[in-house]
Amino acid sequence: MTTHTERPLLGFFGILGFAVFNLVLLASLLELASWMIWSAHHRGPYPFEDQAASPVYAGDPRASEYRHEESLRFRLHRPYVPYRVWGVTEWHGKYMNADAGDMGILRRTINPSDNECQHQAKSIIWVFGGSTVYGQFVPDWATLPSYLSRILNTAAGGGCVIVHNLGVEWYVTNQELILLMEQLKKGHRPDVVIFYDGVNDAGAALEAPDPANFHFTLAVIKGRIEGSPSARLDFLRESYTGRLTGELLKHFRQARVSPSFATDARAKAAAVLDNYEANMQLAGALSKTYNFRLVRFWQPTLVYGHKPLVPFEQQIVRRDESRDSPYASWFQITSAVYEEAESRAAKGSDFVFLGGVFDSTKEPVYIDEAHLGPLGNELAAQAVAKYITGHPAH
């Protein structure tokens, strides 16, 4: 028999249960609706709007297959790696492959076969960098390392050159230096080590007050390790409702660039180059100890230089440089970093500035602000190969 005191409690819990049920139902419906909107917005096989619009694959009947495969690969989670935080995900597709081997998981480079090289002395080249070296959005044959191998192996008297692609998406030179040390400690020995960087290190200036102690996703990982309240709500940001809300905020948010931002950008640009040169100085010390040649290149970007822009490239630059764009801060920081890099390279800093490598290229080469299509990677590889062969090691 229910007492008078139990009846209010039963009524309270009934109302609470009904409210919770309705909240769960409402959240589920909201997530379902967000998923439908998100799926409709990204209904194509390629979720990257800018990259899909790029004309670098115009006339290539396989372009849609490249995009579909990259879309599938891009959805994979990156594996955790000690000290470097993440590494390359193993992937095997029709056009894009990352293979596990003695050196770990590396993006596949198209090199001469063992039969072609068995009677020739091999020269081993390692190429370090971010996603532009890894070859985001391009098949195996069109990465910068694959073109570099092809160019060096077809050059007169080039011998047999084997190129290894040690590019990892989102890496800055801090992580690349650790990866170099790890490979050397494992007993692997290169003849030439190439660093091809710029865009990611420039991005560090926007994301962190101290580029010397930064990697991308630092705030998220730091929050999770420290157990911050915001980190405990990461699952909300990963939901379709959270993603859609973020996209809407990004679309309607006005860029807020303070009057002092230009001064701050110059100071951060100097810090980026100080950190870069310090990393390269350490790599140089390793080159002397382990007897390999070190060559450093500062990569091109769409938002710096004097390339004759095609309409797609013009559209990207206009969007990024607009004061009302959410990309405005990134554009200003990157421009400041590249200006500093060009200045230091001209004054004798020991790296090659490639910011103007496309200044006479009328064809489309950019997939977005940094990633290159096949032609762009081929031209960049030609510049790298020309410097290596034209400036023999001392």
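Bear in mind that the values in this text are calculations on the coordinates, not laboratory data. The shown structure was predicted, so the numbers you read here are calculated from the model rather than taken from an experiment. FYI the Cβ positions are ideal-geometry reconstructions off the backbone, even for glycines, and counts take in every protein chain you see.
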- Task: Mind ranking 217-223, 139-145, 309-315 by how tightly packed they are, going by the mean number of other C-beta atoms within 10 angstrom, highest first?
- Result: 139-145, 309-315, 217-223
- Query: Karplus couplings for the range 368-378 from phi (6.51 cos²θ - 1.76 cosθ + 1.60, θ = phi - 60°), rounded to Hz, Gly and Pro as x?
  - Reply: 8, 5, 10, 6, 10, x, x, 4, x, 5, 5
- Task: For each of Ile110, Ile388, count neighbouring Cβ atoms within 10 Å of the residue's Cβ, then give the residues from fewest to most.
- Result: Ile110, Ile388
- Message: If I stretch the segment between Ala53 and Tyr95 completely, what's the gain in nm (0.36 nm per residue apart, minus their alpha carbon distance), one decimal?
- Response: 13.1 nm
- Trp141-His391 pseudo-label distance in nm [points 7 Å out on the Cα-to-Cβ vector]: 3.2
- Item | HN-Hα J in Hz across the range 174-188 - Karplus 6.51, -1.76, 1.60, θ = phi - 60°, x for Gly and Pro | 4, 6, 4, 5, 5, 4, 4, 4, 4, 5, 5, 5, 6, x, 6
- Take the alpha carbon atoms of the range 301-376, find their center, do the same for the range 168-233, and report the distance between the two centers in whole angstrom. 22
- Modelled label reach - Lys185, point 7 Å along Cα→Cβ, the range 83-125 residues with backbone N closer than 11 Å: 83-84
- Query: Which far-off residues, 5 or more places away or on another chain, put their amide H under 5 Å from the one on Gly198, with H placed in the peptide plane?
  - Reply: Gln299
- Task: Express in % the proportion of alpha carbon pairs of the range 58-179 at distances exceeding 24 Å.
- Result: 31
- A correct Karplus calculation of ³J(HN,Hα) over the range 359-366, with 6.51 cos²θ - 1.76 cosθ + 1.60, θ = phi - 60°, whole Hz and x for Gly and Pro, returns 5, 10, 9, 8, 6, x, 10, 9
- Note on the structure: Simple spin-label estimate for Leu218/Gln120, 7 Å along Cα→Cβ, in nm, reads 4.4
- Query: Once the Cα gyration tensor of the range 107-179 is found, what semi-axes does its equivalent ellipsoid get, as square roots of 5 times the eigenvalues, in whole Å, sorted largest first?
  - Reply: 24, 13, 9
